[in-house]
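Step one of this worksheet: look at the structure below.
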Amino acid sequence: MIGLTHFLILGTALFGIGLYGALTRRNAVGILMSIELIFNSVNVNLVAFGRFVAPWAHSPSPLTAAQAAFTGQIFSIFIIAIAAAEAAVGLALVFTIYRNFKTIDVDNIHLMKW
Amino acid sequence: MTPPINDIAFYCVAALTILPAIMVVRSRNIFHGGLALAATFTGVAGLYLLLSAEFLAVSQMLIYTGAISVLLLFAIMMTQRVNNPAVPVFNRQRIAAVLVVGALTFIVFIALRATPWSIQPPDFSQNPLPQIGTLLLGPWVLPFELVSVVLLAALVGAVIIAKKEER
């Protein structure tokens, strides 16, 4: 029987994989790809909670029970939109860095180091 | 009401999500990593289908697999001069990263297994798509409008940042 913990463990594993990639990759686009993995893990977490735990079951809220069932999905929709905006701006920065430094190896871009 | 989730389906979709994710962070050729990222996004869309979030699954395929993956692949192709195997791919923090990430995920696993989640099936009797539309223009209208402003700002900002300087 697949329960909530299966999806939470899957989300945590995906988060760990994305975190490992963000810490070890040298390519800036590779780091952005790992951050997208982290975004997706958070989304899976939210939708899993929305599917298994009825929100606001014990507290008063202006939403009906049928409306509050989709709170996790609404949250995930906003996260997808913000992640898309972040990817666009991040890649614009990567292009500018490439144009100025001729490399996007983050170990070689250390102008602000002492 | 809410149907139980098939075991085989879950494990197949989980494998489709985790294995390409490992390939994203471990592949030497970053273009292969970009393609594996598209496969990971498809796996996550499958997870959304298992979790009765059909609109989110389709949105995920459209936005992540259809737009963000292609954007990342464009960026990879435009910022690589030569696919040189001598270029180092990983920095020297691999051991520390494995230890830190392993410890973090292990602690979270233990916490997840030990927490008594109060499982209550939500009320999925309504059709999701009209409900999501009503919610986005009803109780959640403020974040909805703010997200449109954020997207506009990101679009304008990305164009300005990536523009060539004019002499």
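Bear in mind these aren't lab numbers, they're just calculated from the coordinates by the rules spelled out. Predicted, not measured: the structure shown is a model, and the values here were computed from it. So basically every Cβ, Gly included, is an ideal-geometry build from the backbone, and we count neighbours across all protein chains shown.
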Applying the Karplus parametrisation 6.51 cos²θ - 1.76 cosθ + 1.60 with θ = phi - 60° to the phi angles of segment B:3-15, what ³J(HN,Hα) value in whole Hz is obtained for each residue in order, glycine and proline being reported as x?
-> x, x, 8, 5, 5, 5, 4, 5, 5, 5, 5, 5, 5
Please give the helix A:4-24 orientation as an angle from the longest Cα principal axis of chain A, in degrees from 0 to 90, rounded to the nearest 10.
-> 10 degrees
Shielding by partners - mean other protein chain Cβ count within 10 Å, residues of A:99-111 = 2
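Please work out the Kirkwood hydrodynamic radius for segment B:48-134, using every pair of different C-alpha atoms, and report it in angstroms with one decimal place.
When all Cα pairs of segment B:48-134 are included, the Kirkwood radius is 18.2 Å.
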Segment B:1-95 - convex hull of the alpha-carbon atoms, volume per residue in Å³ | 107 Å³
Per residue Cα convex hull volume for segment A:7-111, in cubic angstrom?
-> 110 Å³
What value, in deg cm²/dmol to 500, does the helix sum -39500 (n - 2.57) over DSSP H runs of n ≥ 4 give at 222 nm once divided by the residues of chain A?
-> -24500 deg cm²/dmol
For segment B:83-165, what number results from the quotient of the Cα radius of gyration and 2.2 N^0.38 Å?
-> 1.95
Highest to lowest packing among B:58-69, B:95-106, scored as the average C-beta count within 10 Å | B:58-69, B:95-106
If you wrap chain B's Cα atoms in a convex hull and average its projection over all directions, what's the area in nm²?
-> 15.0 nm²
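Only helical DSSP H runs with n ≥ 4 go in: add -39500 (n - 2.57) per run for chain B, normalise by residue count and round the 222 nm mean residue ellipticity to 500 deg cm²/dmol.
Mean residue ellipticity at 222 nm (helix-derived): -22000 deg cm²/dmol.
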Calc'd 3J(HN,Hα), segment A:27-38, phi into Karplus 6.51 cos²θ - 1.76 cosθ + 1.60 (θ = phi - 60°), Hz, glycine/Pro = x, comes to 6, 5, 5, x, 5, 5, 5, 5, 5, 5, 4, 5
Can you quote the Å³ per residue value for the convex hull of the Cα atoms in the protein assembly as shown, rounded to an integer?
-> 155 Å³
On the first, second and third principal axes, largest extent first, how far apart are the outermost C-alpha atoms of segment B:4-60 in Å?
-> 40, 24, 10
